[in-house]
Amino acid sequence: MSADTDQTRPRADTASVTKAVVPAAGLGTRFLPATKATPKEMLPIVDKPAIQYVVEEAVEAGLHDLLMITGRSKRSIEDHFDRAYELEEALAAKGEEGKLKSVRESSDLAQVHYVRQGEPRGLGHAVLCAQAHVGDNPFAVLLGDDLIESADLLRRMIEVRENHGGSVVALMEVEPEQVSLYGCAAVETTGEDDVVTVTDLVEKPSPEQAPSRWAIIGRYVCDPAVFPVLHRTPPGRGGEIQLTDALKELARTSPGEGGGVRGVLLRGNRYDTGNKADYIRTVVEFACRRPDLADELLPWLRDFVDRQERARV
């Protein structure tokens, strides 16, 4: 490679974020038996699978190159983002243009690639499976359990990464009794109201051990320096390779080596579909927003709640 060519290549700390990684290899044990044969990522939020909302968010933030980390029994995810010619022809023949548009929408969203995680060894290992695709570029990671109301958070995280380098995590303040469900961050304020510097991270601490109530939710923008760190990160909490542990090391690494971790504070709504109660709440809320469902659903909900309250008396 010539000197001129080398000089024109973007450095890792200033390169634009154009790729997204979506880990989707989990077993979904909290939703058994529904997830015995159906990926948890394909559970519908009304009439659209949860993972499609995640892909739409990435695309809205400008990321059109997506890599999904899948596993056994996840083939339906690939089928969903592929063309369904027989179905499309049947809908076209019936003149059902609205349904035809909705079916084609998922296959036209983005350029989606797939790689399998041979065994479930944690989020850190899933991210490692993306190394060949990502290369020396910064990249976003979006977890399918977390639905974010808009792409504003991810866009802001990408902006912070491109302005400052390093890695960026999304942070949400949670109640003390909830910190054990998340990775929690020790933070310092910056000159930007919605941005903090992360100085330490603890994966699923007890309330007494938590460095703060700022919890990492399922959005990350990672410097490629995370890969060599993940390669040497031993199994941590739950016997799995934790992305949190690798980011903890990067928080203590110099910026010249791809280090530094910042947090962007969530200002909008986030929906956790990773447990049954929150999944049901998400479905109900999304359904109540729909003009085609709200007029019928809201009166029924009010009546149902009234009947439940009277039954308790």
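The values are calculated or read from the model by the stated rules, or taken from the named source; none is laboratory data. Here the structure is a predicted model, which means the values were calculated and not measured. Here the Cβ positions follow ideal geometry from the backbone for every residue, glycine too, while neighbour counts run over all protein chains shown. For accessibility, only protein heavy atoms count, side chains too; no ligands or nucleic acids. Shrake-Rupley method; radii C 1.70, N 1.55, O 1.52, S 1.80 Å.
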From the set of residues in segment 7-33 that are in a helix (DSSP H, G or I) and at pLDDT 85 or above, which is surrounded by the fewest Cβ atoms within 10 Å (Cβ to Cβ)?
-> Thr29
Look through Leu100, Leu109, Leu201, Leu171 and report the one residue that is aliphatic (A, V, I, L, M), touching a helix residue (DSSP H, G or I) at 6+ places or on another chain (Cβ under 7 Å) and assigned to a strand (DSSP E or B).
-> Leu201
Just a yes or no: is a residue in segment 245-256 under 18 Å from the mean Cα position of the chain (by Cα), aliphatic (A, V, I, L, M) and either open to solvent by less than 30 Å² (accessible area, probe 1.4 Å) or closer than 27 Å to Pro120 by Cα (or both)?
-> yes
Complete set of residues in segment 34-46 that are β-branched (Val, Ile, Thr) and open to solvent by less than 10 Å² (accessible area, probe 1.4 Å) = Ile45
Top-ranked residue of segment 82-116 - restricted to ones that are farther than 21 Å from Leu63 by Cβ and aliphatic (A, V, I, L, M), ranked as farthest from the chain's Cα centre (by Cα) | Ala93
Any chance segment 139-155 includes a residue that's without any contact (Cβ under 8 Å) to a residue 40 or more places away in the chain and assigned by the TED database to the domain that holds Val229?
-> no
Quick one: which of Val187, Val174 is open to solvent by less than 40 Å² (accessible area, probe 1.4 Å) and assigned by the TED database to the domain that holds Leu265?
-> Val174
Close pairs from segment 75-89: first of a type in the set (Phe, Trp, Tyr), partner part of a helix (DSSP H, G or I), Cβ under 9 Å, at least 6 apart | Phe81/Ile51; Phe81/Gln52; Phe81/Val55; Phe81/Ser106; Phe81/Ser107
For Ala210, all conditions in the list (1) over 22 Å from the mean Cα position of the chain (by Cα); (2) surrounded by fewer than 17 Cβ atoms within 10 Å (Cβ to Cβ); (3) not in a helix (DSSP H, G or I) hold save one; what is the number of the exception?
-> (2)
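One line per residue, one yes/no per condition, for (1) outside the structural domain of Ile280 (by the TED database); (2) without any contact (Cβ under 8 Å) to a residue 40 or more places away in the chain; (3) open to solvent by less than 70 Å² (accessible area, probe 1.4 Å):
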| position | (1), (2), (3) |
| --- | --- |
| Glu97 | yes, yes, no |
| Leu100 | yes, yes, yes |
| Val112 | yes, no, yes |
| His133 | yes, no, yes |
| Val160 | yes, no, yes |
Segment 50-97: number of residues that are under 21 Å from Tyr279 (Cβ atoms) and not in a helix (DSSP H, G or I) = 5
Would you check which residues across segment 174-194 are assigned to a strand (DSSP E or B) and out of contact with any Phe, Trp or Tyr (no Cβ under 7 Å at 6 or more places or on another chain) and list them?
-> Gly183, Ala186, Glu188, Thr189
Breaking point among (1) in contact with a Leu (Cβ under 8 Å, 6 or more places away or on another chain); (2) surrounded by 14 or more Cβ atoms within 10 Å (Cβ to Cβ), for Ala92 | (2)
